[in-house]
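Participant: Let me give you the structure first, and then I'll get to my questions.
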Amino acid sequence: MGQLEDLPARGTMQEANARAAVGDPTPVAAPIILGFPSTADPAASRRPATTEAGDAAGAVDENGRPVRYVEGSGIAAPRPSGPLVREEQPTILPAAPARGPDPERFKLVVIENAGTVNVRSHRISLAYIDAPDAEATCTRPNGSTWPCGARARTALRRLVRRRAIDCLQLDRTSEAPVRAADCEVANTNLSQWMVEQGWARPTADAPKIYAELNKAAVDAGRGLYQADGR
């Protein structure tokens, strides 16, 4: 750090004090410190200082307009030699939503009953429904019986036919021979369709929509809720 004697305004202050001591009214010119304009010229404080070198450097902005440098004396600024280009900020994309597990596709499945599908590697129990076995029978109002289980199986077979089904196993870690899964064929949910047609009843843990589909089937007398079993 420099001594106080090195300050550019110290000599001027000493000269002004000496003149004042002997009664000399001659004003002392104000010094220029750190390149700022003298206060002797009020207009200079309102006028930005420029350098010919800055205006003649040939620098232009991205629109081709010349760049004018405004700086005080003694304050250096870098001089770009080429055109100035605005730096684009990188676009921050939102994070992609997390994907759930992909369903597994099974071809040439065998419909064993209204709620069980054999996919050869294992058997699938359709999720959220309680369906009758293939041998189950239902009783008509007159006391006779009809093969409601076989008819429920036939209804599911007609829906699937020979098309592939896509199933999402509820317990992904299970290796049991019979595994609960939510299955679709051609974007039609098998469990929901069976309840809607009255061939199965929803389980206690089924989503709310199953209860609504079941009520509609009961009111319409479809499937297991037929009055005469036809």
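Participant: Could you put Trp193, Trp199 in order of accessible surface area, largest first, with the 1.4 Å probe and the full protein assembly present?
Facilitator: Trp193, Trp199
Participant: Please work out the average accessible area per residue across the stretch 74-230, using the 1.4 Å probe convention, and give it in Å².
Facilitator: That works out to 65 Å² for each residue.
Participant: What residues of the stretch 169-210 lie in the reach of a label at Val218, counting those whose backbone N is under 20 Å from a point 7 Å from the Cα along Cα→Cβ?
Facilitator: Residues 191-210 qualify, since their backbone N sits under 20 Å from the label point.
Participant: Sticking with this one: Could the peptides 159-170, 136-147 be put in order, highest first, of the mean number of other beta-carbon atoms found within 10 Å of their residues?
Facilitator: Highest to lowest by the protection proxy: 159-170, 136-147.
Participant: Using unit Cβ charges (K, R positive; D, E negative) and no other charged atoms, how large, in debye to the nearest 20, is the dipole of the stretch 85-230 about its Cα centre?
Facilitator: About 660 debye.
Participant: Still on this structure, please answer the following. Separation between the Thr145 and Ala180 pseudo-spin-labels, each 7 Å from Cα along Cα→Cβ, expressed in nm?
Facilitator: About 2.9 nm separates the two model spin labels.
Participant: Out of the GluC sites (Glu not before Pro) in the stretch 95-162, which ones are loop residues according to DSSP with at most 10 other C-beta atoms within 10 Å?
Facilitator: Sites meeting the loop and neighbour criteria: Glu135.
The values are calculated or read from the model by the stated rules, or taken from the named source; none is laboratory data. All values derive from a computational prediction rather than experimental measurement. Neighbour counts are summed over all protein chains in view; Cβ atoms, including those assigned to glycine, are modelled from backbone coordinates with ideal geometry. Please note that ligands, DNA and RNA were not included when accessible areas were found on the heavy atoms of the full protein model with its side chains. Shrake-Rupley method; radii C 1.70, N 1.55, O 1.52, S 1.80 Å.
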